[in-house]
Amino acid sequence: MEYTMREAKISDYEKLQAIHKEVHAFHVNGRPDIYKEAEKTLDKQYFAQLVESDEGVIYVIENKTEIIGFTILRINESPNRATITKRKYLFMEDLGVNERYRSHGLGRKLFQQAMEFANENDAATLELGVWEFNEDAINFYKSMGMNNQARKMEIRIE
């Protein structure tokens with residue numbers, strides 16, 4: 001399979017929106033109490049802010065006609081408190097690969113690019129959130145060397 005990876009441009013918004021919507025639909029199905037269907041799932045202003053600023057980056061993988069994978073990364077710093085060690089970290093807000101192109105190593109390529117970006121920006125860690133229902137993603141991230149950092153718990157009030 002022939003593809004290229006690069007930083008996203010403003011003109012990529014509509015092409016990226018299609019795969020972002022696919023990823024969002026998976027979350028709507030898994031947690032309809034949290035997520036709802038929407039025509040546009042990626043805020044255009046937020047997309048433009050990341051593309052144009054130094055706060056983070058969006059990487060895309062494309063074949064000749066479409067964007068088939070992406071990751072959205074944001075550089076963060078811990079709050080300046082007496083009880084918390086000051087550190088910079090990279091937060092992976094999203095990672096998605098078009099369903100037709102899964103199991104071709106594209107997720108690994110995006111993850112490796114995120115690690116390179118973290119190193120280039122002197123981040124102490126790469127962090128992300130993943131829903132418990134998303135067992136494939138959990139297994140993927142574990143295979144990439146990630147470990148649980150914390151656990152967020154809930155109880156539903158009926």
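Every number in this text was worked out from the coordinates using simple rules, so none of it is lab data. On a predicted model such as this, the values are computed, not experimentally measured, just so you know. All Cβ positions, even for glycine, are placed from backbone atoms using ideal geometry, and neighbour counts span all protein chains on display.
Can you say whether Thr83 is within 20 Å of Ala150 (Cα to Cα) and either in a helix (DSSP H, G or I) or of a type outside the set (Lys, Arg) (or both), as far as the supplied structure shows? Talk me through it step by step, then tell me what you get.
Details: within 20 Å of Ala150 (Cα to Cα): yes; either in a helix (DSSP H, G or I) or of a type outside the set (Lys, Arg) (or both): yes.
The answer is yes for Thr83.
Scanning the range 1-23 for residues that are touching a strand residue (DSSP E or B) at 6+ places or on another chain (Cβ under 7 Å) and β-branched (Val, Ile, Thr) yields Thr4, Ile19, Val23.
Here is the figure for the range 97-115: residues that are more than 15 Å from Glu7 (Cα to Cα), surrounded by 14 or more Cβ atoms within 10 Å (Cβ to Cβ) and not aliphatic (A, V, I, L, M) total 5. With respect to being more than 23 Å from Thr4 (Cα to Cα) and within 17 Å of the chain's Cα centre (by Cα), Asp122 falls outside the description.
On the stretch given as the range 66-89, residues that are over 30 Å from Met1 (Cα atoms), among the hydrophobic types (A, V, I, L, M, F, W, C) and either surrounded by 11 or more Cβ atoms within 10 Å (Cβ to Cβ) or in contact (Cβ under 8 Å) with a residue 24 or more places away in the chain (or both) total 1. Tallying residues that are surrounded by fewer than 15 Cβ atoms within 10 Å (Cβ to Cβ), aliphatic (A, V, I, L, M) and touching a helix residue (DSSP H, G or I) at 6+ places or on another chain (Cβ under 7 Å) within the range 7-33 yields 1. Within the range 47-65, residues that are within 13 Å of Asp12 (Cα to Cα) sit with their Cβ atoms under 8 Å from residues that are among the polar types (S, T, N, Q) and surrounded by fewer than 19 Cβ atoms within 10 Å (Cβ to Cβ), at 6+ positions apart or across chains, in these pairs: Tyr59/Gln113; Ile61/Thr4; Glu62/Thr4. Among all positions in the range 34-57, there is at least one residue which is assigned to a strand (DSSP E or B) and surrounded by 15 or more Cβ atoms within 10 Å (Cβ to Cβ).
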